[in-house]
Amino acid sequence: MKDINLKDLLKIPNLLSFYRLIISFIIPGLWIKNPKSSAILYLIISGVLSDTLDGNLARILKQKTSLGKFLDPLADKCFINMLFFLLYLQKKFSAYFFFLILFRDLFILIGSFLLIQKVKIMLSPSILGKASTVSQLITLLTLYLHFYLISLNPIFVSMVIHLTLFLTFLSGLHYGWLFVRVWIKSPVK
């Protein structure tokens, strides 16, 4: 964390992550006025695209930074959890679905923080973690479209939700295993 440089915020991948973080706090204000707003749809789509682009651009442009390693997952978690929270408040899905996603993300944030503080190691996102994030973003877009803009096939919506539940749960277990493995193998400094 000590090698985070604020000048790195001006790099395109980090600006995209920062954008996603900012819109996660703009969307609730728009949602209160009108959850069926086309502006919300555009912000959700742009947030999903920014998540797709930031990591790829960081690799292509050789702009991987310590700030990006911190900012990208933080922006993901804020963006995703804020939208799931708004949908949950309107009772668009069950409590266990929302709390599984929320607790998994809190578990990852706390586990990562402890590893950074005690072992000085920052884990890279796992394939399961990335798959879970992608499925959550697809689920958010699907649910928003289904409940506010166009009615989608309920079987399709259910399949998307269940795939996300599975990947979220599985990635939470995987991160738990990774945290324990790294903690045990690394000398505490």
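Read the figures in this text as sums done on the coordinates, not as results from a lab. Only a predicted model underlies this, so the values are computations on that prediction, with no experimental measurement involved. Note that we place each Cβ from the backbone using ideal geometry, even for glycine, and neighbour counts take in every protein chain shown.
When the P(r) of region 35-77 is calculated, the portion above 12 Å amounts to 64% of the C-alpha pairs. Using θ = phi - 60° in the Karplus curve 6.51 cos²θ - 1.76 cosθ + 1.60, the 3J(HN,Hα) couplings for region 23-38 round to 5, 5, 9, 7, 4, x, x, 5, 4, 4, 6, 6, x, 8, 5, 5 Hz; x is entered for Gly and Pro. The 3J(HN,Hα) values that the Karplus relation (6.51, -1.76, 1.60; θ = phi - 60°) gives for region 84-96 are, in residue order, 4, 4, 4, 5, 5, 4, 8, 6, 8, 7, 6, 5, 5 Hz. Gly and Pro appear as x. Couplings 3J(HN,Hα) of region 144-160, computed from phi: 5, 4, 5, 8, 10, 10, 9, 6, 9, 4, x, 5, 4, 4, 4, 4, 4 Hz, in residue order, whole Hz [Karplus 6.51 cos²θ - 1.76 cosθ + 1.60, θ = phi - 60°; x for Gly and Pro]. Remark: region 128-189 projects, on average over all directions, an area of 5.0 nm² (convex hull of Cα atoms). Applying D = kT/(6 pi eta Rh) to region 1-51, where Rh is the Kirkwood radius over alpha-carbon pairs, T corresponds to 4 °C and eta to 1.567 mPa s, the Stokes-Einstein value obtained is 107 µm²/s.
Estimated translational diffusion coefficient (Stokes-Einstein, Kirkwood radius over Cα pairs, 4 °C, 1.567 mPa s) of region 72-120: 111 µm² per second. Normalised by 2.2 N^0.38 Å, where N is the number of residues, the C-alpha radius of gyration of region 6-185 stands at 1.05.
When Lys and Arg each count +1 and Asp and Glu each count -1, what net charge do the other residues less than 14 Å away from TYR19, Cβ to Cβ, add up to? Net charge in that neighbourhood comes out at -2.
Each of PHE98, LEU15, PRO35 was scored by the projection of its Cα onto the charge dipole of the chain, and the greatest displacement toward the positive side belongs to LEU15; charges sit on the C-beta of Lys, Arg, Asp and Glu. In terms of other Cβ atoms within 10 Å, PHE156, PHE85 run from fewest to most in the order PHE156, PHE85. Identify all lysines with a Cα-Cα distance to LYS64 below 25 Å; exclude those on the same chain that are fewer than 8 residues away in sequence. By straight Cα distance, LYS64 reaches LYS2, LYS7, LYS11, LYS77, LYS118, LYS120, LYS130. Working note: 222 nm ellipticity from helices only, DSSP H runs with n ≥ 4, each -39,500 (n - 2.57), summed and divided by the residues of the chain, gives -26000 deg cm²/dmol to the nearest 500.
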